[in-house]
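First the structure, in the form of C-alpha cells, and then the observations on it.
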Amino acid sequence: MERLKSLDPPHKGLRNALCKLALIAGKTNYASATSVERLQLVATEVFHLLSDHTATENKFILAPLEKVNPSFTKGYYAHHLEIERIEQQLLDRIMSLKGQQTNDLGHQLYLDICQFQSYYLEHINEEDVTLEAEMQKHFTDEELMQHQVAIMGEMSFETLLLWFKYIVPARRPAENAQVLTGFKSAVPEVAFNAVIEIIKNEVSEEELHEILSMIK
C-alpha cells in the first residue's frame, strides 16, 4: 500500500522554485533596474517559501518525531540553522542590487545561487529518503494527514497561494486534483477560484483542463 508522503508536495515545489530562481539569475541583466527587479520578485517568493518550509518542518515534522525518537532529529535542526544563514545572506545580496552592477558581479551571484541550490537539493533528497521513512515508521497516514491539516490551518492565504503556484506544476494532475478537491470542499468559492487563477499561469491549458476535469 502506498503511504502518505508528507514531504513530497513542498519538496517538489521547492525544487521547481529553486530551478526558476537559478534560471532567472542566469539571464538577469545586472545593469538593468527592470531586469534586476524581476529577479528580486522571484527571489522574494522563493526565499519566503524556503523560510516557511523550514519553520513548518521544524514544528510539524521534526517536533512530533522528536517525541518518539529524540536522537534522530538533532542533526536536522542544526542543518536547518545553517541553511537559514545561507538563505539570508543570498537574499540580502539579491535585494541590495540596484540595477547598476556589472554582469561579472551578477555572474558570481548566479554561481552562488546555483551552489546553494545544489546544497539544498542534497539536503531535501536525504530527507525524502531518510526523514520521510522515519515519519512513516512512527505515524499512521491518518496522523500524518493531521499534521498537514495543522500546517494549512496556520498558513496565511497569501503563502498558501504561493505554495500552489510552485507545487502544482511539479506534481501529477491526479495528485493536484486530489488536493484541490479537498481544498474546494473546505474553503469559500472565492478562495478556490483565486487558486485556479494562480495556477492558470503555471501549467499548460491542456494540463489545467485535465486537473479541473478530475476535481469533484
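Worth a mention:
- Under 16 Å, Cα to Cα: Lys pairs in the chain, sequence gap 8 or more or different chains: 9
- Each of CYS19, LEU7, PRO188 was placed along the dipole of the chain (beta-carbon charges, centred on the mean Cα), and the one lying farthest toward the positive end is CYS19.
- Only Lys, Arg, Asp and Glu carry charge here, each on its Cβ (+1 for the first two, -1 for the last two); on that basis the stretch 108-216 has a dipole of about 340 debye about its Cα centre.
- Global geometry of the chain, whether rounded, prolate or oblate, following the gyration tensor of its Cα atoms and the 1.5 cut on a/c: oblate
- Ordering ASN125, THR140, GLN101 by Cα displacement along the dipole of the stretch 100-147 toward the positive end leaves GLN101 in first place; charges were set at the Cβ atoms of Lys, Arg (+1) and Asp, Glu (-1).
- Each helix, a run of at least 4 DSSP H residues, gives -39500 (n - 2.57); summed and divided by the residues of the chain, these come to -25500 deg cm²/dmol at 222 nm.
- Sites listed here are GluC sites (Glu not before Pro) in the stretch 1-83 whose DSSP assignment is loop and whose Cβ has at most 13 other Cβ atoms within 10 Å: GLU2.
- A simple spin-label model places pseudo-atoms 7 Å from Cα toward Cβ; at ALA78 and GLN115 they are separated by 2.2 nm.
- Electrostatic dipole magnitude of the stretch 8-140 [Cβ: Lys, Arg +1; Asp, Glu -1; Cα centre; debye, to 20]: 280 debye
Read-outs throughout are calculated quantities, based only on the coordinates presented, and are distinct from any laboratory measurement. Owing to the predicted nature of the structure, the values given are computational and were not obtained by experimental measurement. Ideal geometry is used to build each Cβ from the backbone, glycine not excepted, and the neighbour counts take in all protein chains shown.
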